[in-house]
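Here is the structure we will look at, set down as structure tokens.
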Ligand code: FES
């Protein structure tokens with residue numbers, strides 16, 4: 001079956017610029033995951049931010065299986081804090097720290113990583 005995963009996050013519509021602020025670090029609970037959108041509402045750039053302590057991991061909210069969001073709404077996000085995040089369509093499970101799919105229909109593929117940095121308590125695009 002054809003996979004629908006773009007190659008480079010920067011080329012996606014609405015992709016934020018380097019240095020763009022995402023949120024305060026404290027807006028994401030330790031071990032929590034949050035969704036953010038950039039760009040036009042009809043075709044937003046969807047970002048997932050996962051936090052572990054003072055560190056954050058960023059991924060495009062697009063499953064490596066069909067290219068659809070892992071979740072459409074924050075309350076639909078499925079994750080095991082500091083361990084994994086899963087797609088709520090067919091339940092592919094991705095590692096927390098690098099977005100590698102370790103089980104599911106797209107096993108061996110990965111979420112697109114978005115580099116993030118934390119500067120003075122603010123999460124920014126790295
Ligand atoms: S669309 Fe995500 S696992 Fe199928």
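None of the figures in this text is laboratory data; all of them are computed from the coordinates on show. The model shown is predicted, which means the values in this text are computed figures rather than measured ones. Please note: Cβ atoms are built from the backbone with ideal geometry, for glycine as well, and neighbour counts cover all protein chains shown.
May I ask you to order 42-54, 24-36 by the average number of other C-beta atoms within 10 Å around their residues, highest value first? Could the numbers behind the result be given before it?
Working: 42-54: 17.4, 24-36: 15.8.
The peptides rank, most packed first, as 42-54, 24-36.
Computed FRET efficiency, Cβ-Cβ of residue 102 and residue 10, R0 25 Å: what is it to the nearest 0.05? Please report the intermediate quantities before stating the final value.
On the way: r = 26 Å, r/R0 = 1.03.
The formula returns an efficiency of 0.45 here.
Specify the inter-centroid distance of region 103-118 and region 27-46, based on alpha-carbon positions, in whole Å.
Going from one Cα centre to the other spans 15 Å.
Please list the equivalent ellipsoid semi-axes of the chain, computed as the square roots of five times the alpha-carbon gyration tensor eigenvalues, in descending order and whole angstrom.
Numbers: eigenvalues 92, 59, 30 Å².
In descending order the semi-axes read 21, 17, 12 Å.
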